[in-house]
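Below is one structure, written out as structure tokens, with a few remarks after it.
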Amino acid sequence: MHTLLLRKFLRPLLLSGVALSLLSLSSCAVQTAAQRDSFNVMEVSVPMQKMALYRQGELVKTYPVSTSKFGLGDEKGSYRTPLGKMEVAEKIGAGKPAGAVFKSRQWTGEIVEPNAPGRDPIVSRILWLKGLEPKNANAFSRCIYIHGTAAERDIGTPASYGCVRMKSKDVIDLHERVGEGSKVFVVKKGLWRNVEKGRQMGEAIQALPLPEGATAAAGPLALDPVEAPAVKPVWNEVSIFKDGSDLLSEAGFDTGYLDATPPADLAVD
């Protein structure tokens, strides 16, 4: 009897505990989804060997980068950089020192200085990319990263084995700015914001072309004569019907001298 009463008393508490647990789990799921970065977008221009970071469509910063020296593609074993839309699947290395060497995404405990002779490891930070299109579907399994490199002298030229390389200070800066879920576009064109920025700043003033046969060494060019514009005489008009002589006449003054012809000996050329 006591056992039945105890079960009856504890059952609502147990059910409420399960409900709280489920609520807690669903809350964690919502928080995890909310933490995904939907504000930042990275664009990597292969021809320019540059990356632009945009936040909500506004240019934040540009970085020099290095893509694959073997070209573009997503075939396994090709060592090429995949094109198209991807996202940051995992961020690795937070809090580690600049130059920290990673092997299989684990810090080995070693730190390498930039451009150390004979060294080319993955260093500082890793942003592991996941492809979002058929043309880059192998990116994650191929371990395509945005990462720091010890060979900073090669940044700005295609020199990687498929990843997007950055200087240590730049990849640390980028790692702190973006989150998992942020999008990455690798493109075969210039950074699209360069054109818009150019328009905002105004186009460069172009020099006027010289006439055919003329050279800059010939000195200043003669300008064609410009005819003077026709000038309408300006009268001392009080209204459209009266001028100064009308007013003098109305005031009682003799205005005949205004119409008189001067003597011939006073005439001037």
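Spot the failing condition for Thr108; the list is (1) surrounded by fewer than 18 Cβ atoms within 10 Å (Cβ to Cβ); (2) of a type in the set (Val, Ile, Thr); (3) within 25 Å of Arg36 (Cβ to Cβ), and only one is missed.
Of (1) surrounded by fewer than 18 Cβ atoms within 10 Å (Cβ to Cβ); (2) of a type in the set (Val, Ile, Thr); (3) within 25 Å of Arg36 (Cβ to Cβ), only one is false for Thr108: (3).
Test each condition in (1) in contact with a strand residue (DSSP E or B) (Cβ under 8 Å, 6 or more places away or on another chain); (2) more than 16 Å from Cys163 (Cα to Cα); (3) acidic (Asp, Glu) for Glu113 and report the one that comes out false.
Going through (1) in contact with a strand residue (DSSP E or B) (Cβ under 8 Å, 6 or more places away or on another chain); (2) more than 16 Å from Cys163 (Cα to Cα); (3) acidic (Asp, Glu) one by one, Glu113 breaks only (1).
If Asn136 passes every condition in (1) of a type in the set (S, T, N, Q); (2) touching a Ser or Thr at 6+ places or on another chain (Cβ under 7 Å); (3) surrounded by 15 or more Cβ atoms within 10 Å (Cβ to Cβ) but one, which one does it miss?
All conditions pass for Asn136, except number (2).
Going through Ala116, Ala151, Ala98, Ala89 one at a time, which residue ends up being among the small types (Gly, Ala, Ser) and at pLDDT below 95? If you could, list the steps in order and put the result at the bottom.
Values: Ala151 fails: at pLDDT below 95; Ala98 fails: at pLDDT below 95; Ala89 fails: at pLDDT below 95.
Among Ala116, Ala151, Ala98, Ala89, only Ala116 is among the small types (Gly, Ala, Ser) and at pLDDT below 95.
Looking at the structure I just gave you, is Gly84 surrounded by 14 or more Cβ atoms within 10 Å (Cβ to Cβ), in contact with a strand residue (DSSP E or B) (Cβ under 6 Å, 6 or more places away or on another chain) and at pLDDT 95 or above? Give the derivation first.
Details: surrounded by 14 or more Cβ atoms within 10 Å (Cβ to Cβ): yes; in contact with a strand residue (DSSP E or B) (Cβ under 6 Å, 6 or more places away or on another chain): no; at pLDDT 95 or above: yes.
No.
Please state which one of Ala94, Ala98 is among the hydrophobic types (A, V, I, L, M, F, W, C), surrounded by fewer than 13 Cβ atoms within 10 Å (Cβ to Cβ) and closer than 19 Å to Val178 by Cα. Explain how you work it out, then say what you get.
Values: Ala98 fails: surrounded by fewer than 13 Cβ atoms within 10 Å (Cβ to Cβ).
Among Ala94, Ala98, only Ala94 is among the hydrophobic types (A, V, I, L, M, F, W, C), surrounded by fewer than 13 Cβ atoms within 10 Å (Cβ to Cβ) and closer than 19 Å to Val178 by Cα.
Quickly run through segment 101-114 and pick out the residues that are under 25 Å from Lys183 (Cα atoms) and either in contact with a Leu (Cβ under 8 Å, 6 or more places away or on another chain) or free of Cβ contacts under 8 Å to residues at least 12 places away in the same chain (or both).
Residues satisfying the conditions are Ser104, Gln106.
With respect to Ser78, determine if the residue is more than 24 Å from the chain's Cα centre (by Cα) and polar (S, T, N, Q).
When the stated conditions are applied, Ser78 passes them.
Under the condition of being over 16 Å from Met42 (Cβ atoms) and assigned to a strand (DSSP E or B), which residue from segment 121-144 is nearest to the chain's Cα centre (by Cα)? Explain how you work it out, then say what you get.
From segment 121-144, those over 16 Å from Met42 (Cβ atoms) are 121-124, 134-135, 137-138, 140-143; that's our starting set.
Subsequent filtering for residues that are assigned to a strand (DSSP E or B) retains 122-124.
Working: Ile122: 27, Val123: 26, Ser124: 25 Å.
Out of the qualifying residues, it is Ser124.
I'd like to verify a number: residues in segment 156-179 that are surrounded by fewer than 20 Cβ atoms within 10 Å (Cβ to Cβ) and not in a helix (DSSP H, G or I), how many?
Number of matching residues: 6.
The values are calculated or read from the model by the stated rules, or taken from the named source; none is laboratory data. From a predicted model like this one, the values you see are computed outputs, not experimental measurements. So basically every Cβ, Gly included, is an ideal-geometry build from the backbone, and we count neighbours across all protein chains shown.
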